[in-house]
Amino acid sequence: PFRLKSIDNPPLILFTKGNIKAFKKEICAAVIGKRNASNYGIMASKKIGIELSKNSVVVVSGLATGCDTEAHIGCLDKNGIGIGVLAHGLDMIYPSSSKLIADNLLANNGLLISEYPIGIKPTKYNFVDRDRIQSGISDIVFVIETNENGGTMHTVNHALTQDRKIVCIEFPEEAYFNGIAEGNLLLIRNKKALPFHIDDD
């Protein structure tokens, strides 16, 4: 895919399942965040997925529980197209709770991709490597919710290296006092991401 050609370490090969034309859509946006996200983060993820799909933007995620899957639920609510980037072979879905969403993405002209052949199981190193593909195939990365040293930051760092636009959800101030989304605040204060506000109505 042409977007991946611009990154420093593109995968040598991609295994795909589904609609490969999803790569060629005008805009792709990754939606990333914590697996154990707050209620506000879950709400924001779904709303972002809905709004992106309403504007014909392809929604990209790693199909993790939490922010990833909620973004794709929002995407599917509006019959949008989504891409799931996997950290294992295409013969399985991890976590298994994401299988229904993966099946629904495929049924709605979506796509599953991986740099790993069939039979390869997920490892923590695979997830870190997978993150560069999530940002690499995207024009924009939406950071929903992250800690300062959360796994989401791996994708953020890849996005910064790849010169992708990063948009970060701005939480209510009390969330930061309660130790929620400190990574969001850090990214916004350091001007590494543009702040974006979500109405919680």
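Which whole-number value in Å² is the accessible area per residue of the chain, probe 1.4 Å?
Ligands and nucleic acids excluded, the figure is 49 Å² per residue.
Taking all protein chains as present, what is the carbon and sulfur share of the accessible area of the chain, in % to the nearest whole number, probe 1.4 Å?
Within the chain, the accessible surface is 52 percent carbon and sulfur.
Which order do E115, E148 take when ranked by solvent-accessible area (1.4 Å probe, heavy atoms of all protein chains), largest first?
E148, E115
Once you have a ≥ b ≥ c as the square roots of the Cα gyration tensor eigenvalues for the range 1-143, tell me rounded if a/c is under 1.5, and otherwise prolate or oblate according to whether a/b is larger than b/c. If you can, show how the numbers build up before the last one.
Details: a/c = 1.41, a/b = 1.21, b/c = 1.16.
Rounded shape, in that the Cα axes give a/c under 1.5.
Can you give me the long-range amide H partners of D139? Hydrogens built in the peptide plane at 1.01 Å from N, cutoff under 5 Å, separation of 5 or more residues or another chain.
C28, A29, A30
Looking at the chain only, what percent of DSSP beta bridges run antiparallel? Nearest 5 please.
Working: 4 of 24 bridges.
Bridges in the chain are about 15 percent antiparallel.
Just add up the charged neighbours of K124: K/R +1, D/E -1, any other residue whose Cβ is under 13 Å from the Cβ of K124.
Summing Lys/Arg as +1 and Asp/Glu as -1 gives 0.
For the range 36-128, which trypsin sites (Lys or Arg not before Pro) are both in a DSSP coil and crowded by at most 12 other Cβ atoms within 10 Å?
none
The values are calculated or read from the model by the stated rules, or taken from the named source; none is laboratory data. Being a predicted model, the structure only gives us computed values, none of them experimental. FYI the Cβ positions are ideal-geometry reconstructions off the backbone, even for glycines, and counts take in every protein chain you see. In case anyone asks, the SASA skips ligands and DNA or RNA and just uses the protein heavy atoms, side chains included. Shrake-Rupley method; radii C 1.70, N 1.55, O 1.52, S 1.80 Å.
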